[in-house]
Amino acid sequence: MGASRVATEAEELVAEGDFRAIKVRVGRATLDEDLAVLQAVRRAVGGDILLPTDFNMGLTVLEALRHGRA
């Protein structure tokens, strides 16, 4: 799912209910793609919504550290 679609879905979820956080599934082909999704979602939902991420245990420890620091 592309960045704009994920952002639209997150925006719809926030509008539907009293959400304070939206979990964003990441783990696309590149870190840049993941960052684009997170940036799009952040723009869509604003700064008051927490954005935890979920890599679904698909990273090594070193990869997780690199992604977490990005």
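The values are calculated or read from the model by the stated rules, or taken from the named source; none is laboratory data. Note that this is a predicted model, so its numbers are computed, not measured. All Cβ positions, glycine included, derive from the backbone under ideal geometry; neighbour counts span all protein chains shown. Each accessible area value is taken on the protein alone, full model and side chains, heavy atoms only, with ligands, DNA and RNA left out. Shrake-Rupley method; radii C 1.70, N 1.55, O 1.52, S 1.80 Å.
Which members of the range 9-25 meet the condition of being more than 20 Å from residue 65 (Cα to Cα) and open to solvent by less than 70 Å² (accessible area, probe 1.4 Å)?
10, 13, 14, 17, 21, 22
Considering 28, 42, which residue is basic (Lys, Arg), over 19 Å from residue 65 (Cβ atoms) and surrounded by 14 or more Cβ atoms within 10 Å (Cβ to Cβ)?
The unique qualifying residue is 42.
Is it the case that the range 38-55 has a residue that's modelled with pLDDT under 85 and over 11 Å from the mean Cα position of the chain (by Cα)?
no
Do we find a residue being in contact with a Ser or Thr (Cβ under 8 Å, 6 or more places away or on another chain) and among the β-branched types (Val, Ile, Thr) anywhere in the range 39-48?
no
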